[in-house]
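Q: The structure that follows is given in the form of structure tokens.
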Amino acid sequence: MDDKFEEAMKRNPHLAEYVEKCKKESGVMPDFFPKLSRDITDIPVINIIYPVGDPIFIHLKGDKVSKKTAYIAVEPVLLPEESKKYKLIMDSILEKAADEIVPENEDQLRKLIMKLFNESVQIQGSFAPTSFLDKLLGVKLVSLSQVEYDKISYFLDRDIIGQGPIEPLIRDPYLEDIHSIGVSGVYIVHKILAMLSTNLTFGTAEYLSHWLHTMGERIGRPVSDARPIIDGSLPDGTRISAIYSTDVSRRGSSFTMRKFMEIPASIPQLIKWGSVDANLCAYLWLLLENQMSIFFSGETASGKTTMLNAALPFINSRSKMYTVEDTAEVLPPQPAWQQLITRLDGPVESQVDTFTLLKVALRSRPNYIIVGEIRGAEGAVAFQAMQTGHAVLATFHASSVKKLLQRLTGVPINIPPTFADNLNCALILQAIYRKGKYLRRCTSVDEIEGYLEEAGGVITRGVFEWDFTNDRHRFRGMNNSFILDRIAVKQGYDDKRLIYDELSLRAKILTRMVEENILDYYKVRDIIWAFQDRGLEGIPFEV
């Protein structure tokens, strides 16, 4: 058995009990993986346990017959007698908390809870001093064994400070989305294994309603029967959209949480995953370095924001950046970054929408304006920004460049077709199931040349396309790119074909990063910016 697995079971008796139970039921010991890789998809029947922070572990348990994989959260379980003690302790803490100073942050809250917890219990075999007031009032301390103490301290932290029953999902770094339909219909989108069912439950409809009330208060958007829909972000950036009340959500209150990536994926990481290739990223590098406007388009969960964030280090470090979003998801690494967030709650006169924030951003003369998502009238302002010389980057919901242009020129965005060439390029991204694996791919890159009346519409040129059969990206724009030729002219090249040599050089730099396993977002950023400042002398490897 793996040494780390043994150590984990010694620290966490509930894990040892669970593993022993699995062994008795199936005759097979689960494998322990301290970290997951995409190679686990090659395992015929997955049977893996991995840690997400003591005392929680995740068991990915495959079924030979159905070929499905279950997501099982392994955490301490309170026995009936322990649950009674937990309730007594919780009541005591809530009563004592009324006399305490209100904590200003999570750390202070955690310290206060532990203080009140310790004042409410006595560990068997130890001496716990009782205050004069407690003696006077006849307050009895709850007697706990050390094992009970550890369990209950975990549940107090989980239920008061954490996210309650879904705390294992919040801690798991390999999850993208959490979906819950009613009391027990909790599903997740795993970064490697896609949609999986879980063993988690809220227990009762009453507890689920209480949980949603708590979430609404945390994000400053209370939920009720009169206002059953909330949308906002938790303090860690996780986005939550909830539907409260069975009148609206017939299968029970439901919610979706989109987990926030504190450190974005890097371009070499996306190349290694096969989402893009080095030539495509080198092309993107040249466009972003030369202030071209790009839309990252695709269906829901296709990787639009991931791709946008990964590409931002291609922009010069000295650029002035403005982001305009409903929910904070875009993370430019440039120091001169102004982050604007809409405010859609409260009286109409106090609301601030994307349209308004874009107009404010224009007055500040940024080099780049990034719109979290273009949906409506703000699209017209974005195109005005492009016309006045600002580079605009945005995510957009459309599954092809044709549909993108249809949405841009239709209601409610209403961009005149003759304005379409202010947008230089569109990346189309898709989530795809291929040979039993869940993949995200940039399926095409199209340049917008402009409106041609004789052709009856907007002319586009495909420069990259994804070959589904061979899972490869093909560069169709070699010596034939409308935008690269424009950049060559702008850069003063005597021969426009030299721009393709520059693209090849940058593709080699990115390929070497993948070969050297340089995948950390900030290390990649530093290398790209060093190349922009000092050329090949700034690169820490030979090209």
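The values are calculated or read from the model by the stated rules, or taken from the named source; none is laboratory data. These numbers come from a predicted model, not from an experiment. Glycine gets a Cβ as well: all are built from the backbone with ideal geometry, and neighbour counts include every protein chain shown. With ligands, DNA and RNA removed, areas are computed over all heavy atoms of the protein, side chains included. Shrake-Rupley method; radii C 1.70, N 1.55, O 1.52, S 1.80 Å.
Q: Looking at this structure, is LEU88 surrounded by fewer than 17 Cβ atoms within 10 Å (Cβ to Cβ) and touching a strand residue (DSSP E or B) at 6+ places or on another chain (Cβ under 6 Å)?
A: Considered against the rule, which asks whether it is surrounded by fewer than 17 Cβ atoms within 10 Å (Cβ to Cβ) and touching a strand residue (DSSP E or B) at 6+ places or on another chain (Cβ under 6 Å), LEU88 comes out as yes.
Q: Any residue in segment 307-332 that's more than 16 Å from GLN532 (Cα to Cα) and among the aromatic types (Phe, Trp, Tyr): show its pairings with residues that are open to solvent by 10 Å² or more (accessible area, probe 1.4 Å) and outside any loop (DSSP other than H, G, I, E, B) at Cβ separation under 7 Å, as long as the two are six or more apart or on different chains.
A: What qualifies is TYR322/GLN338; TYR322/LEU340.
Q: Being open to solvent by less than 10 Å² (accessible area, probe 1.4 Å) and touching a helix residue (DSSP H, G or I) at 6+ places or on another chain (Cβ under 9 Å) is the filter here; which residues of segment 174-199 pass it?
A: The answer is LEU175, ILE178, SER180, GLY182, VAL186, ILE188.
Q: When only residues in segment 215-234 that are surrounded by 15 or more Cβ atoms within 10 Å (Cβ to Cβ) and among the hydrophobic types (A, V, I, L, M, F, W, C) count, which is farthest from MET257 (Cα to Cα)?
A: VAL223
Q: Sticking with this one: Between a first residue in segment 475-495 that is closer than 19 Å to ALA507 by Cα and hydroxyl-bearing (Ser, Thr, Tyr) and a second residue that is open to solvent by 50 Å² or more (accessible area, probe 1.4 Å) and assigned to a helix (DSSP H, G or I), which pairs have beta carbons less than 9 Å apart while being 6 or more apart in sequence or on different chains?
A: Partner pairs satisfying both residue conditions: none exist.
Q: Could you grab me the full set of residues in segment 252-271 that are over 18 Å from VAL330 (Cα atoms) and within 15 Å of the chain's Cα centre (by Cα)?
A: Selection gives THR256 alone.
Q: If LEU144 meets every condition in (1) touching a Lys or Arg at 6+ places or on another chain (Cβ under 9 Å); (2) closer than 27 Å to ILE341 by Cα apart from one, which number is that one?
A: Result: LEU144 passes all but (2).
Q: Would you tally the residues in segment 429-451 being surrounded by 19 or more Cβ atoms within 10 Å (Cβ to Cβ) and within 26 Å of GLY389 (Cβ to Cβ)?
A: Result for segment 429-451: 4.
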